[in-house]
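To start, the structure under review is shown below, and the notes come after it.
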Amino acid sequence: MIIAQISDSHLTLNPPDSDRRIRDFTLTIADINTLEPAPDVIVHTGDIVHNGHQDEYAQAVATLSKACSPVYVLAGNKDNRRNLHAAFSANGYLSPDSECIDYAIDDFPVKLIALDTLSSQGNKGDFSPEQAGHLIDLIDAGPKKPIAVFTHHPPFEVTVGPDRFHFETPEKMLRLRNALQHSGRVIAVFSGHVHRAAEGHIGRIPAMVVPCIATTLRRGDYPPDMRMRPVYQVHRFDPAWGFSTETRIVGERPAVP
Ligand SMILES: [Fe+2]
């Protein structure tokens, strides 16, 4: 199974950032479309748009409609749950009964679980006791198979950059970490939010942060010729070896498949 993970596109229709953000997003989807074999899914781990506006989501839906693989999205702190839900509800995987963007996809050799860590109080992550109970139910449901969990906020200490913890309180992050370790079936956690590459662990579970695809918001040191080139990751699952991750650097022009 192959998962292309993109994150933090921060689409805006406001100049001067609008053209560059749309360009970064469009080039990234075009690059994913050249992958061979094609990914089974594309997962966007949140901050899809920058201001939560309906017209920004319309642009995001238009850009993602060019993808040749099914796309699943998460909510980031810059997203607006209601507008995100309205924009992507036609795809069928978001619950019509809840605005919370928590769901599981069980159509593949690895079960995918998407978690909603969006807080109404600020930019850091939230995770309630009810969500922990729901996560455990999602882990236990259905046939026993490996599970990959996607979150916007990384549930581990990010030891690069100025801010090491991305949840509102240590208790909230611990609540999520404990739930992730329930039953031992979660084999990987993939996150965004930090805008730079990072790795960590939740107990024995490896966890990673993908850099943002918005090139003007990316953090960390990159060579000057990388300035205009978005970065994303491809996670390939092997039943014997688990996940291996490739970091992809997008060309300045869409590659010809
Ligand atoms: Fe972001």
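In summary, the convex hull built on the alpha carbon positions of the stretch 99-169 has an orientation-averaged projected area of 5.8 nm². Karplus-based coupling profile of the stretch 205-214, in residue order and whole Hz: 8, x, 9, 9, 10, 8, x, 6, 7, 6, with θ = phi - 60° in 6.51 cos²θ - 1.76 cosθ + 1.60 and x standing for Gly or Pro.
Taking H placed 1.01 Å from N in the peptide plane, check which residues at least 5 places from V43 or on another chain put their amide H under 5 Å from its amide H. Result for V43 returns A4, Q5, I6, Y72. Using R0 = 30 Å, the C-beta based FRET efficiency linking T216 and K145 works out to 0.15. The amide H of F243, built 1.01 Å from its N in the peptide plane, has D238 as neighbours under 5 Å, considering only residues 5 or more places off or on other chains.
Straight-line cross-link reach from K145 at under 28 Å between alpha-carbon atoms covers these lysines, not counting any fewer than eight positions away in the same chain: K111, K172.
Per residue, the chain exposes an accessible area of 44 Å² to a 1.4 Å probe, with every protein chain left in place.
The dipole here belongs to the stretch 117-205: it is taken about the Cα centre, uses +1 on the Cβ of Lys and Arg and -1 on the Cβ of Asp and Glu, and is about 300 debye.
Once divided by 2.2 N^0.38 Å, the Cα radius of gyration of the chain becomes 0.93. When DSSP beta bridges are restricted to pairs lying wholly in the chain, around 50% turn out antiparallel. Expressed as a fraction of 2.2 N^0.38 Å, the value expected for a compact globular protein of N residues, the C-alpha radius of gyration of the stretch 46-111 is 1.10. Mean separation of Cα pairs under 8 Å and 6 or more residues apart, divided by the residue count, gives the stretch 8-128 a relative contact order of 21 percent.
Taking the simple approach of a point 7 Å from Cα along Cα-to-Cβ for both R227 and T247, what is their distance in nm? Rounded to a tenth, the inter-label distance reads 2.0 nm.
Helices meeting the span-like rule in the chain (full DSSP H runs, Cα extent of at least 20 Å along the helix axis, mean Kyte-Doolittle score of 1.6 or higher) are absent. 3J(HN,Hα) couplings calculated from phi for the stretch 226-241 with the Karplus curve 6.51 cos²θ - 1.76 cosθ + 1.60 (θ = phi - 60°) are, in sequence order, 8, 4, 9, 10, x, 10, 9, 10, 10, 9, 9, 9, 10, x, 7, 10 Hz; Gly and Pro show x.
Normalised by the number of residues in the chain, the average gap of Cα pairs under 8 Å and 6 or more apart makes the relative contact order 21 percent. Rolling a 1.4 angstrom probe over the chain with all protein chains present gives an accessible area of which 51% lies on carbon and sulfur atoms. Taking the Cα centre of the stretch 1-92 as origin and assigning +1 to Lys and Arg Cβ atoms and -1 to Asp and Glu Cβ atoms, the resulting dipole is close to 200 debye. Segment V160..R204, full-extension length gain: 13.8 nm, with 0.36 nm per residue of separation and the alpha-carbon distance subtracted. Describe numerically, in nm with one decimal, the distance between label points set 7 Å from Cα along Cα→Cβ at V61 and at R236. Label at V61, label at R236, 3.5 nm between them. Annotation: average projected area of the stretch 140-249 is 7.8 square nanometres, based on the convex hull of Cα atoms across all directions.
The values are calculated or read from the model by the stated rules, or taken from the named source; none is laboratory data. Treat the numbers as computed from the prediction; the structure is a model and nothing was measured. Ideal geometry is used to build each Cβ from the backbone, glycine not excepted, and the neighbour counts take in all protein chains shown. Note: accessible area is taken over every heavy atom of the protein model, side chains too, but ligands, DNA and RNA are not part of it. Shrake-Rupley method; radii C 1.70, N 1.55, O 1.52, S 1.80 Å.
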